[in-house]
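The values are calculated or read from the model by the stated rules, or taken from the named source; none is laboratory data. Only a predicted model underlies this, so the values are computations on that prediction, with no experimental measurement involved. In this analysis, Cβ positions are derived from the backbone assuming ideal geometry, glycine residues included, and neighbour counts consider all displayed protein chains.
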Amino acid sequence: MGGKNPGFGVYVHWPFCRRICPYCDFNVHKDTDIDASRWRGALLSELAHYAGELEGRTVTSLYFGGGTPSLIEPETVGEIVQAVARHWPVADDIEITLETNPTSSERRRLRDFKDAGVNRLSVGVQSFDDDALRFLGRDHSAADAIASLEDAINVFERVTFDLIYARPGQSPTDWRDELDRAVRIAGGHLSLYQLTIESGTPFFREGVHPADDDDAADMFETTQEILSAAGMPAYEISNHARPGEESRHNLTCWRGGDYLGIGPGAHGRLTIDGAFYGTHQIHNPDRWLKLAGEHGHGTAKRRLLSAEDRARELVMMGLRLVDGIDIERFGRIAGISFDGTVDPDALARMVDGDLMARTATSVYATAAGRQRLNAVLGMLLS
């Protein structure tokens, strides 16, 4: 978690895609009959609604996620960027990220998004293998991905992209070859995710299974080896960066900072008048749009989190980071100690088993522990 100020982030969820990938369990919908002006007005209204409760913050990051937010009109992105700056002070080095896909129609808009204020691009490549891209339901080719990354690097100083590994039938050798290619193209950041099959997705209904556990473990270790040698070590389970290129927005979330979520299905974590709340916007885009237009926001839930809830979240998020959890800061934020949150016997066993480590100031999961983090958290927080 580190001792640094985690910052304050704003997340904008755009729930529409041209095609819904069979592995995706995010709040996504087909992009038919979208009234761009009405959506822009609703997003700006929800932003203004929360700004009235969150005065005095300094925004350190703004993240456009989805869905496919590069389908938003650049003018709308620009108006949201400007509105954030009207509502709050913004950091001199504010990070403004927009997710995009490697299609020619989106590539043509890159300079427009930069002119709108975006200064970091996240490209959903997922694979450099055409057969794998077809399996993953993507509508771009490996050649499209490379061309898109080249265009992005020519326009933006900060570019990251995603890859998915541990696919059915993929071998550790296949993944090593793909990683070597990724490193040759990469800028300062890479997100490398193991394929997981989530309930409710087409892959789940079809009975798709990822690579077996042994191969997945080999691929994880290969990832650490190759990216570390390339000067892009892991700073979080699935994220690698050169020094200074870490995602500031995601670090805010993982370090337990406040972040505002607007748009259908967006989540937030907000400190208001000394109390800590979890917010969740209405999931259904049509219902969210209607209520945001009528009432200025589409909040479905606003739940007061107890000190115990807050502490457990800090453990779950902080142990994703290679640096782990700053013990003093944990107690200051949660109001209860780290040792009072976790099972001390389970922690001792995992330290002995080299799954966890502890210093005078911090506690963190080792590489082996991060690889098994769900099991580690289950034992710590049982």
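Applying the criterion of being closer than 25 Å to G256 by Cα and not aliphatic (A, V, I, L, M) to the residues of the stretch 16-47, the residue that is surrounded by the most Cβ atoms within 10 Å (Cβ to Cβ) is E46. When the stretch 198-210 is filtered for residues that are touching a helix residue (DSSP H, G or I) at 6+ places or on another chain (Cβ under 7 Å) and either surrounded by fewer than 18 Cβ atoms within 10 Å (Cβ to Cβ) or among the hydroxyl-bearing types (S, T, Y) (or both), only E198 remains. Per this entry, R269 is counted among residues that are surrounded by 19 or more Cβ atoms within 10 Å (Cβ to Cβ), modelled with pLDDT of 95 or more and touching a Cys at 6+ places or on another chain (Cβ under 9 Å). Does the stretch 72-95 contain any residue that is within 30 Å of V363 (Cα to Cα), buried (at least 20 other Cβ atoms within 10 Å of the Cβ) and assigned by TED's automatic domain parsing to the domain that holds A152? Yes, the conditions are met somewhere in the stretch 72-95.
Within the stretch 324-351, the set of residues being acidic (D, E) and closer than 22 Å to T252 by Cβ comprises D326, E328.
Applying the set (1) assigned to a strand (DSSP E or B); (2) crowded, with 17+ Cβ neighbours inside 10 Å to Y193 leaves exactly one unmet item: (2). Going by the structure shown, is M317 surrounded by fewer than 21 Cβ atoms within 10 Å (Cβ to Cβ), under 23 Å from L377 (Cβ atoms), assigned by TED's automatic domain parsing to the domain that holds L373 and under 25 Å from the mean Cα position of the chain (by Cα)? The answer is yes for M317. Within the stretch 290-304, one or more residues are on the phi > 0 side of the Ramachandran plot, among the small types (G, A, S) and either modelled with pLDDT of 95 or more or loosely packed, with under 15 Cβ neighbours inside 10 Å (or both). Looking only at the stretch 189-246, residues that are hydrophobic (A, V, I, L, M, F, W, C) and within 17 Å of the chain's Cα centre (by Cα) come to 6 in all. Determine whether the stretch 13-22 contains at least one residue that is outside any strand (DSSP E or B) and either under 23 Å from P89 (Cβ atoms) or among the hydroxyl-bearing types (S, T, Y) (or both). No, because not a single residue in the stretch 13-22 is outside any strand (DSSP E or B) and either under 23 Å from P89 (Cβ atoms) or among the hydroxyl-bearing types (S, T, Y) (or both).
Out of E55, E99, one residue alone is touching a Pro at 6+ places or on another chain (Cβ under 8 Å), acidic (D, E) and outside any helix (DSSP H, G or I). It is E99.
Please state which one of A241, A217 is among the small types (G, A, S), crowded, with 22+ Cβ neighbours inside 10 Å and closer than 18 Å to L163 by Cα. Every option except A241 fails the conditions. Scanning the stretch 330-359 for residues that are more than 23 Å from the chain's Cα centre (by Cα) and under 26 Å from H240 (Cα atoms) yields a count of 9. Here G187 fulfils each of the conditions (1) modelled with pLDDT of 95 or more; (2) buried (at least 18 other Cβ atoms within 10 Å of the Cβ); (3) closer than 20 Å to L149 by Cα apart from (1).
Against the condition of a type in the set (A, V, I, L, M) and under 21 Å from I237 (Cα atoms), how does L192 come out, does it pass? The answer is yes for L192. Taken over the stretch 25-52, residues that are within 30 Å of D92 (Cβ to Cβ) and assigned to a loop (DSSP other than H, G, I, E, B) amount to 1. Which residues, counting only those in the stretch 357-375, are over 22 Å from R329 (Cα atoms), among the hydrophobic types (A, V, I, L, M, F, W, C) and in contact (Cβ under 8 Å) with a residue 24 or more places away in the chain? Scanning the stretch 357-375 gives a single hit, A367.
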